[in-house]
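Asker: The structure's right below; bear with me while I get my questions together.
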Amino acid sequence: MTEATVPDRAHLAGPLLPVVGSDTLVPLVDGTQVTYANLDVAASAPALRAVADRVAEVLPLYASVHRGAGYLSQVSTALYEAARRTVGAFVGAREGDLTVITRNTTDSLNLLAGCVPAAADDTPGRVLVLDVEHHANLLPWQRDTEATVLTGASTVAATVAELREELEDAAAVGRPYALLAVTGASNVTGEALPLDALVAAAHANGARIALDGAQLVPHRRFSLTESGVDYVAFSGHKTYAPFGAGALVGRADWLDTGTPYLAGGGAVRRVRTTETLWQEGPARHEAGSPNVIGAVALAAACEALAALDPEEVRRHEGELRRRLVEGLESLDRVSVVRVWADAVDPVGVVTFTVTGYDPGLVAAYLSAEHGIGVRDGRFCAHPLLGRLGFDAGAVRASVGVGTSPEEVARLVGAVRALVTGGPRASYDVVDGLWVVVDDPRPVPEGSGLAGLLATAAAGFLADAAACLPDPV
């Protein structure tokens with residue numbers, strides 16, 4: 001965030017919306033407890049209180065949908081379809097656009113990848129992406145289409161020019177791209193490219209544009225109608241509705257004729273042993289029993305966010321980000337990661353490194369000694385982290401509408417304590433993860449949770465180790 005684009009430095013009174021778990025106490029290695037500071041919103045945002053209340057309200061009405069004759073089945077069907085309309089309206093769906101309820105952004109983009117039409121010579125459709133993308137907006141195209149991955153430049157202006165030139169060159173030789181797939185905001189730095197320039201470049205050269213909105217939609221007001229973007233994908237669990245639903249919203253023609261995403265009940269009009277007639281519309285890609293509660297939760301989150309003044313959200317999260325960046329950059333041995341030197345108005349994601357400390361150790365220290373949750377690693381953006389020189393990973397802190405200024409101050413103070421005095425506890429690497437040696441912190445008691453966590457601990461370490469940076 002450049003100084004010219006820092007939001008008004010008004011006093012921040014606290015979170016904009018109440019979230020579940022904001023008063024949760026967690027143990028520290030010194031035997032005390034503190035309120036958990038959740039600064040990992042970019043990974044999974046806590047549920048809004050309004051979302052939890054809505055879920056509790058509709059759970060007694062939960063039943064099968066679309067083909068049930070019972071009263072509760074009819075109610076659940078109405079709830080599900082109303083949620084679809086709310087989600088589509090939240091991202092400014094145009095008349096005729098489809099809203100497909102999915103699991104998350106990854107699910108949505110995999111679905112869309114199977115719907116990109118073939119080129120004129122019947123080869124897979126061509127898709128253009130940058131190396132800055134989250135794996136969700138990279139791997140599906142590499143697997144299911146003819147994908148070209150460009151290495152982004154160090155400035156926004158140069159990167160946009162690079163994309164425009166590639167689109168123009170491809171169209172000039174008769175091999176136009178079908179789709180330009182871009183991030184709405186980087187999950188590593190919160191930075192973004194100007195959508196208006198990208199939409200204009202894509203459409204001028206015969207391409208559509210798909211937006212990975214996972215980090216943008218929950219934090220900035222976005223509209224398909226106003227932006228001209230053709231498709232947007234986003235996740236409920238990043239939109240303060242962590243109940244397993246997401247959405248793909250966009251133009252109907254590709255989705256109506258593309259390969260059905262799942263083969264099964266609900267996606268078909270008629271089935272014979274020798275042929276299948278598939279549905280059009282959202283049902284084509286929503287085979288099986290849908291996630292009714294997830295859809296309702298996502299819609300409730302969309303309603304709550306839509307009721308906020310978008311400028312108030314921008315000021316709140318922008319000021320938190322400013323305090324985070326300036327506080328970290330004031331510390332010796334701490335560096336903030338940037339992709340584009342001229343990026344403006346980033347969302348509240350800040351990634352940093354501490355010279356002399358492995359990112360996994362920094363994250364473990366923040367949790368064990370300060371009760372702060374952050375993310376470390378390569379954030380499912382391996383090509384970008386490699387290009388920037390962070391093959392060993394980095395540390396990411398992220399904020400949202402439920403974040404308070406005190407939580408940001410705690411993080412800056414905790415990192416200051418680390419660089420000036422080092423950690424107080426002893427840490428070691430076990431199965432590829434940094435852990436506290438002889439960790440004294442108890443697991444929660446009650447309702448069998450302690451036993452459940454103890455049973456899962458060994459498996460967790462093994463699974464998490466698989467997500468660590470590769471040795472090459």
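Asker: First measure r as the distance between the Cβ atoms of Ala425 and Ala56, then evaluate 1/(1 + (r/R0)^6) with R0 = 51 Å and state the FRET efficiency to the nearest 0.05.
Answerer: Computed FRET efficiency for Ala425 and Ala56: 0.85.
Asker: Considering only DSSP beta bridges with both partners in the chain, what is the antiparallel share in %, to the nearest 5?
Answerer: Here the antiparallel bridges make up roughly 65 percent for the chain.
Asker: If you restrict to DSSP beta bridges whose two residues both lie in region 51-306, what percentage is antiparallel, to the nearest 5?
Answerer: 45
Asker: Let me ask you something else. Calculate the FRET efficiency for Ala197 and Ala409 from the Cβ-Cβ distance with a Förster distance of 45 Å, rounded to the nearest 0.05.
Answerer: 0.75
Asker: Follow-up. Which distance in nm do the two modelled labels at Arg387 and Ser154 give, with both placed 7 Å along the Cα-to-Cβ direction?
Answerer: 1.3
Asker: Looking only at Cα atoms, what is the convex hull volume of the chain per residue, in Å³?
Answerer: In the chain, the Cα convex hull volume per residue is 168 Å³.
Asker: State the antiparallel share, in %, of DSSP beta bridges confined to region 200-281, rounding to the nearest 5.
Answerer: That works out to approximately 75 percent antiparallel.
Asker: Moving on. Using the Cα centre as the reference, give the magnitude of the dipole from point charges on the C-beta atoms of the chain (Lys, Arg: +1; Asp, Glu: -1; all else neutral), rounded to the nearest 20 debye.
Answerer: 820
Asker: Which value in nm describes the separation of the simple spin-label points at Ser335 and Ala82, placed 7 Å from the Cα toward the beta carbon?
Answerer: Each label point is offset 7 Å from its Cα along the Cβ direction, giving 5.3 nm.
Asker: Still on this model: Quick check: net charge around Val435, other residues with Cβ under 12 Å of its Cβ, Lys/Arg +1 and Asp/Glu -1?
Answerer: So the surrounding residues net to -3.
Asker: Going toward the positive end of the dipole of the chain, with +1 on Lys and Arg Cβ and -1 on Asp and Glu Cβ, which of Thr420, Val29, Val271 do you reach last?
Answerer: Of the options given, the answer is Val271.
Asker: Follow-up question, since we're still on this one. Where in region 392-421 is the amide nitrogen less than 20 Å from a point lying 7 Å along the Cα-to-Cβ axis of Thr35?
Answerer: In region 392-421, the label zone of Thr35 (backbone N under 20 Å from the point 7 Å along Cα→Cβ) covers 398-415.
Asker: I'd like the FRET efficiency for Ser289 and Ala13, computed as 1/(1 + (r/R0)^6) with the beta carbon distance as r and R0 of 35 Å, rounded to 0.05.
Answerer: After rounding, the FRET efficiency stands at 0.20.
Asker: If you don't mind, there's one more thing I want to ask. Which of the DSSP-defined H helices in the chain satisfy a minimum axial length of 20 Å, computed from C-alpha atoms, and a minimum mean Kyte-Doolittle hydropathy of 0.5?
Answerer: Those that clear 20 Å and a mean of 0.5 are 292-306, 405-421, 449-465.
Asker: Looking at region 51-306 from every direction and averaging, what is the projected area of its Cα convex hull in nm²?
Answerer: Result: 14.3 nm².
Asker: Right, another one. Sorted by average packing, counted as other Cβ atoms within 10 angstrom per residue and highest first, what order do 181-194, 302-315, 260-273 take?
Answerer: 181-194, 302-315, 260-273
Asker: If I model a spin label as a point 7 Å beyond the Cα along the Cα-Cβ vector, how far apart are those points for Asp122 and Glu165 in nm?
Answerer: In this crude label model, Asp122 to Glu165 measures out at 3.6 nm.
FYI, it's all coordinate maths here, none of it is from the lab. Keep in mind the model is a prediction, meaning the values are calculated, not measured. Please note: Cβ atoms are built from the backbone with ideal geometry, for glycine as well, and neighbour counts cover all protein chains shown.
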